[in-house]
Amino acid sequence: MGSKITFRRNHPGGGPLGRCSYGIAGVPGIVVIDLGLFPGGIAPVAITLDCTLVEAKAKAVKADAAPATPAAPAAPAAEGMVTKVKGKLVASKPHAAKVG
């Protein structure tokens, strides 16, 4: 019985074609193979090894994790605008409506 490892990514180095890595989802560790070992230097999507490896692991989700906290309410609108002038914050007064 064999174990299937799947393509992870290409790596620099190795022969003139470079290297690539294979692994098992959710399991730390990789197998690095020189692309020159594959016909035309093209890595297959998966490789079956003639040995038994660990099974793929699903990502663990904590059941006791606290629910996400809602975002804080928006701050009340400022009475004036704050602008940046020559690197300094400058507050301006709100505009008053003109009457008459």
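The values are calculated or read from the model by the stated rules, or taken from the named source; none is laboratory data. Bear in mind that the values here come from a model prediction, so they are computed numbers and not experimental data. So basically every Cβ, Gly included, is an ideal-geometry build from the backbone, and we count neighbours across all protein chains shown.
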Residue list for the stretch 1-39, filter: in a loop (DSSP other than H, G, I, E, B), within 22 Å of the chain's Cα centre (by Cα) and surrounded by fewer than 13 Cβ atoms within 10 Å (Cβ to Cβ)
Ala25, Gly26, Pro28, Gly29
Restricted to the stretch 40-62, and to residues that are in a strand (DSSP E or B) and of a type in the set (A, V, I, L, M, F, W, C), which residue is surrounded by the most Cβ atoms within 10 Å (Cβ to Cβ)?
Ile47
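So in the stretch 40-55, with the set limited to residues that are aliphatic (A, V, I, L, M) and within 24 Å of the chain's Cα centre (by Cα), which one is modelled with the lowest pLDDT?
Of the residues in the stretch 40-55, the ones aliphatic (A, V, I, L, M) are 42-43, 45-47, 49, 53-54.
Keeping just the survivors that are within 24 Å of the chain's Cα centre (by Cα) gives 43, 45-46.
Details: Ala43: 92, Val45: 96, Ala46: 95.
Of everything passing the filter in the stretch 40-55, Ala43 is modelled with the lowest pLDDT.
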